[in-house]
Every structure is written in structure tokens, then in C-alpha cells.
Amino acid sequence: MIAVTGITGNVGSVVARHLLAAKQNVRGVLRDERKAQSWADAGCEIAIADIGDASTMAAAFAGAEAVFILVPPVFDPSPGFPEALATAATLKSALQSARPGKVVYLSTIGAQAKQANLLTQHSLIENTLRELPLPITFLRPGWFMENCGWDVAPARESGVIPSFLQPLDKPVPMVATADIGEVAAELLQEAWNGPRVVELEGPKRVTPNEIAAAFSDLLGRAVRTESVPRETWDSLFRSQGMKNPEPRIGMLDGFNEGWIDFEGGENGIRKGNVALKTVLKTLIDRQNA
């Protein structure tokens, strides 16, 4: 049996569907019991657990041949990342207690970076889970193509997409959640020893200008990107309600300056199959529904 956290989300749901298609027994780990019925109907065992509660997480992982772990994102972490440290401690305790056969943890590109940034949360969790005597894979995908969901409205309404990724002609490693889920399901069915890192991106790297061009084709109107000046980010993010924007700014700087990148170099990166335009069409259709 394979336990899948985050089964109601974009990635976890894909992981579960691929495992079910492969005739694997799946235990869906959910926090909200109201969302469990459709997965129970699909043939999943259900476990109700909270990422902040080590005892319920240990029960959810108990008896599992493999566990897929996806932690809820914290976009405005407190200074020092106490939320990530607490999650790391909870997961370590739960896994020590349950002793599953193997673990796949959904991490991120750039988890090896030394400079503090929003993705440091995954670095901290990786470092803690590496202490466990378990086979564990850290799946590090690139920038999620689905982040372009924020761009649908401005592309349609004004034809101008504000971009924090700069310069506008700089290719960025991106990947679709469909590819992440499929690869995670494959990894959960593999055998390996100790900790390992698997890095993943889409078929090709994408520039902000290419995102605009794809929107132009799909929407049938001119769309262009426009850089958001770096000096405005702090005040802008605070005006949007963020209390501690420095980690987010650090992450964007990391992508733009190149120190958030894959650790193993391009030759060792796995490639997904889903093109950016496919994801953008889905995002547009979803907002049209």
C-alpha cells in the first residue's frame, strides 16, 4: 500500500490516479474528511491526518510500503522559518514511528542553495529527513507552469502580464504538475537505497516573453510581458498583505540571478512531456468555466 498526502491537490491527485491505474493499493491522506468520498469511491483507503500532528501522520503512514509527502505551501513564512522547522520535526517523528518502506518527498529546484529564500523551507525539511535511516527521494521540480494562473486575467483584460521573472528573455526551468505527479508515481514504485535527489523540468525552458506569446495565440489578442521594477517589490508585496516579503524576494532574485537552479546540471535532469501551451489552455478553460 502507498500512502499519498495532498491527494486532493493538483500534484497529489495525479500521483494517486497513476498509482491506481498501475493497480497499486492507495491510502489517501487528507485533513478534511468532507473531501474524502470521491477518493474512497475511486478505491482508496482513507486516513484523516494533520501535517501538524505527528501521531495522526504516523497512523496514516503505518504499514505503508511507500509514502508520498507533499507539505502545504507557506507563502509568507515567519522570520527563521519556524513553520518549516515544525513540519520537519513532525514528519521526522511520524516516519520514525511508522517506518514505511520508502519515501518520496516533493521538494523544489534550488533546495541546495545556501542563500535564504522562500524555498529554504524545503531545504530545512530535506536536511531533517536525511537523518532518517530510510530510502528517501527528494523530487525537485522546476517552477510550476500552473503559476501562470495568475497571468490569465491580466493577459485577457489588458494584454500586459507583470513579470517578476527577469530579464524577460531569460529561460526558466518550468514543469507541469501533471508531469510532477506522473514522475512521483513512478518513483514510488522503484527500489533504491538511502537518500537520493531527482530533478525534473518540462520539455523545454521557457522565457516570460514566450509565456506572453503563448497567451497571445490562445486568447487571439496581443499579449506582452512587462517587468515589475525590483525596487517596488517590497512595498508591493506588503500592500498585498505579506508581513515578511524578504523570502519571496530572495526566491525571485535566485531565479533571476541564476543561483536557484538544478544541482546536478542539465545532463542529469529528467524531462517531462507536458508543454506550456497545454497548461495555459487548461488554465484559461478553467477560468472560463
- Note on the structure: Taking the stretch 180-201 and keeping residues in contact with a Leu (Cβ under 7 Å, 6 or more places away or on another chain) and within 18 Å of Gly142 (Cβ to Cβ) leaves Ile180, Val183, Ala184, Leu187, Val198, Leu200
- Item | Among the residues listed as Gly241, Gly258, the single one being under 29 Å from Leu139 (Cα atoms) and loosely packed, with under 15 Cβ neighbours inside 10 Å | Gly258
- Message: Whether any residue in the stretch 152-171 is within 17 Å of Val15 (Cα to Cα), out of contact with any Gly (no Cβ under 7 Å at 6 or more places or on another chain) and crowded, with 22+ Cβ neighbours inside 10 Å is what I want to check.
- Response: no
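Yes/no matrix, rows are residues, columns are (1) modelled with pLDDT of 95 or more; (2) more than 20 Å from Glu65 (Cα to Cα); (3) buried (at least 21 other Cβ atoms within 10 Å of the Cβ); (4) among the acidic types (Asp, Glu):
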{"site": "Val183", "(1), (2), (3), (4)": "yes, no, yes, no"}
{"site": "Ala191", "(1), (2), (3), (4)": "yes, no, no, no"}
{"site": "Pro203", "(1), (2), (3), (4)": "yes, yes, no, no"}
{"site": "Thr207", "(1), (2), (3), (4)": "yes, yes, no, no"}
{"site": "Ile211", "(1), (2), (3), (4)": "yes, yes, yes, no"}
{"site": "Ser216", "(1), (2), (3), (4)": "yes, yes, no, no"}
- Which is closer than 30 Å to Arg248 by Cα and surrounded by 20 or more Cβ atoms within 10 Å (Cβ to Cβ), of Leu85, Leu19, Leu91? Leu91
- Grab the helices (runs of 4 or more DSSP H) fully contained in the stretch 174-289, keeping just those with 2 or more residues being in contact (Cβ under 8 Å) with a residue 12 or more places away in the chain, among the aliphatic types (A, V, I, L, M) and in contact with a Phe, Trp or Tyr (Cβ under 7 Å, 6 or more places away or on another chain). 177-188, 246-257
- Task: Kindly establish whether Gly142 is on the phi < 0 side of the Ramachandran plot, within 15 Å of the chain's Cα centre (by Cα) and touching a residue at least 24 places away in the same chain (Cβ under 8 Å).
- Result: yes
- Task: Tell me which residues, restricted to the stretch 25-70, are touching a strand residue (DSSP E or B) at 6+ places or on another chain (Cβ under 8 Å) and in contact (Cβ under 8 Å) with a residue 60 or more places away in the chain.
- Result: Ala64, Glu65, Ala66, Val67, Phe68, Ile69, Leu70
- Task: Look through Gly63, Gly52, Gly28 and report the one residue that is surrounded by 22 or more Cβ atoms within 10 Å (Cβ to Cβ) and either of a type in the set (Ser, Thr, Tyr) or not in a helix (DSSP H, G or I) (or both).
- Result: Gly28
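The values are calculated or read from the model by the stated rules, or taken from the named source; none is laboratory data. Since this is a predicted model, take the numbers as computed values, not measurements. Please note: Cβ atoms are built from the backbone with ideal geometry, for glycine as well, and neighbour counts cover all protein chains shown.
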